[in-house]
Structure formats: structure tokens, C-alpha cells
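Here the structure is laid out as C-alpha cells; the discussion comes afterwards.
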Amino acid sequence: MKIGKLYIISAPSGAGKTSLVRQLRADLSGLGVSVSYTTRAMRKGEVHGHDYNFVSYDEFHAMLSQGAFLEYAQVFDNFYGTACVSVEEKLQQGLDVILEIDWQGAQQVKRWHPACISVFILPPSLVVLEQRLTARGQDEAQVIARRMQDAVAEISHYKEFDYVIVNDVFDEALMQLKAIIISQRLVLIRQEAVLQFLLKSLQA
């Protein structure tokens, strides 16, 4: 039976993680993205159940008390969490699952699933990162300043990840991310599960 692979993709805000994952899903089949739960307000253009599951603080903490989260973290003034059930269901269906979470969540997930593959996305510079945050037009100046402070702290955890990608030229970063996924699909144990009938016929 083919079991999916779990991937963690982390990055400081503004490094382009979400855009990379969105294009990755469009280009590669067999990918499932776990939709996180969050207490933050919905932004313009976002869709409940697609971008995030938007819940109240009370709903989030009720799920937390029930042990529903694989990982959770407080980012700025809001909470984010990944539901255990949705991840496990997708893996059992043979899908590769991508978690877009921060380094704190990555540490939690690795304790639960040490065989997961983790990728950290870096910006080409702090100057470019600030430019990207400003260009999004989503946050006020003081929020951007706070995100920049947090970015330095987040980047210091890059050594905890299996792979590091610099998102300078988007297409190059995307190609590198695809290479990680594809190479993991070609390892022996996964190929034996996928090609079991072919392998039997070739050795008959």
C-alpha cells in the first residue's frame, strides 16, 4: 500500500512560501495541503476552508483541549494549528501532504513524525523581504517592522531543516522545491509500493 510523505515548508513572512506551494500544487499531482485552523481575521480574497479554517478563539482552544492539533503556535496575536485527522487521512490515501507552518510547529511535527521532510525558504536579503511585505499592502508600517524583527529570529532556525531554498528567482526556487518532492517519490521503498506488479513481472 502506498503511503504519502509528509513535508514541512517554513519561511519568514514575505519570503514567498505560499506562492511557491500554490504553484507546486498546480504543477505536481498527488499533493495534499492541510488547511490550517486560525483565529486571525480573514483577509480580502481568502476563502474559508481553502486558505484557512477561520475559527474563534473559543473554538480553537476547545479543539486544543481535545488534543485535535498535530501542532499549533501563537504568531503575533493569533493562533494557528494543524488538525491531526486531516493529515493522517491524506497520508493514508497515498497523498504527499504539505504543511505550511513555522519553525515552532516544525519542531512539534518532527516529534510526531520524524520521517517527515522539512524545507526552509529564505529571502535573498532582508531588504528584499521588507520590500515584499510592503508591496503586499496588507499590513501597516508597525506590523511590517514587527514582522521584520521576527524574521531574523525565524531565520536563525534554518539549521533545523533538511533543505534550504533561497527564493530570489521564483521559477528557480520552484524547480528546486519540485526536485525535492520528486526525488523523495523515487526512493526504493516508495517505488516498490508503486511498482510492485511491474517488479514481479520483470522477475517472473
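Could you say whether any residue in the range 5-17 is under 27 Å from Gln149 (Cα atoms) and without any contact (Cβ under 8 Å) to a residue 60 or more places away in the chain?
no
Is it the case that the range 164-172 has a residue that's farther than 21 Å from Asp51 by Cβ and buried (at least 17 other Cβ atoms within 10 Å of the Cβ)?
Yes, the range 164-172 contains at least one residue that is farther than 21 Å from Asp51 by Cβ and buried (at least 17 other Cβ atoms within 10 Å of the Cβ).
Yes or no: the range 168-180 includes at least one residue that is among the acidic types (Asp, Glu) and outside any helix (DSSP H, G or I).
Scanning the range 168-180 turns up at least one residue that is among the acidic types (Asp, Glu) and outside any helix (DSSP H, G or I).
Quick one: Gln176 ticks every box in (1) in contact with a helix residue (DSSP H, G or I) (Cβ under 8 Å, 6 or more places away or on another chain); (2) within 19 Å of Val33 (Cβ to Cβ) bar one, so which box is it?
If we test Gln176 against (1) in contact with a helix residue (DSSP H, G or I) (Cβ under 8 Å, 6 or more places away or on another chain); (2) within 19 Å of Val33 (Cβ to Cβ), just (1) comes out false.
Within the range 106-120, take every residue that is over 10 Å from the mean Cα position of the chain (by Cα) and not in a loop (DSSP other than H, G, I, E, B) and give me the one that is surrounded by the most Cβ atoms within 10 Å (Cβ to Cβ).
Val109
Go through (1) in contact (Cβ under 8 Å) with a residue 12 or more places away in the chain; (2) surrounded by 12 or more Cβ atoms within 10 Å (Cβ to Cβ) one by one and return the number of the condition Val152 breaks.
Exception for Val152: condition (2).
Only one of Leu70, Leu24 is touching a residue at least 24 places away in the same chain (Cβ under 8 Å), touching a Cys at 6+ places or on another chain (Cβ under 6 Å) and either part of a strand (DSSP E or B) or buried (at least 17 other Cβ atoms within 10 Å of the Cβ) (or both). Can you tell me which?
Working: Leu24 fails: touching a Cys at 6+ places or on another chain (Cβ under 6 Å).
Answer to the selection: Leu70.
Search the range 36-66 for residues being of a type in the set (Phe, Trp, Tyr) and within 17 Å of the chain's Cα centre (by Cα), and hand back the single one that is surrounded by the most Cβ atoms within 10 Å (Cβ to Cβ).
Tyr37
Any idea which of Ser19, Ser86 is at pLDDT below 95, hydroxyl-bearing (Ser, Thr, Tyr) and either under 19 Å from Pro114 (Cα atoms) or touching a Ser or Thr at 6+ places or on another chain (Cβ under 9 Å) (or both)?
Being at pLDDT below 95, hydroxyl-bearing (Ser, Thr, Tyr) and either under 19 Å from Pro114 (Cα atoms) or touching a Ser or Thr at 6+ places or on another chain (Cβ under 9 Å) (or both) holds for just one of Ser19, Ser86, which is Ser86.
The values are calculated or read from the model by the stated rules, or taken from the named source; none is laboratory data. Because the structure is predicted, anything quoted here is derived from the model rather than measured. All Cβ positions, glycine included, derive from the backbone under ideal geometry; neighbour counts span all protein chains shown.
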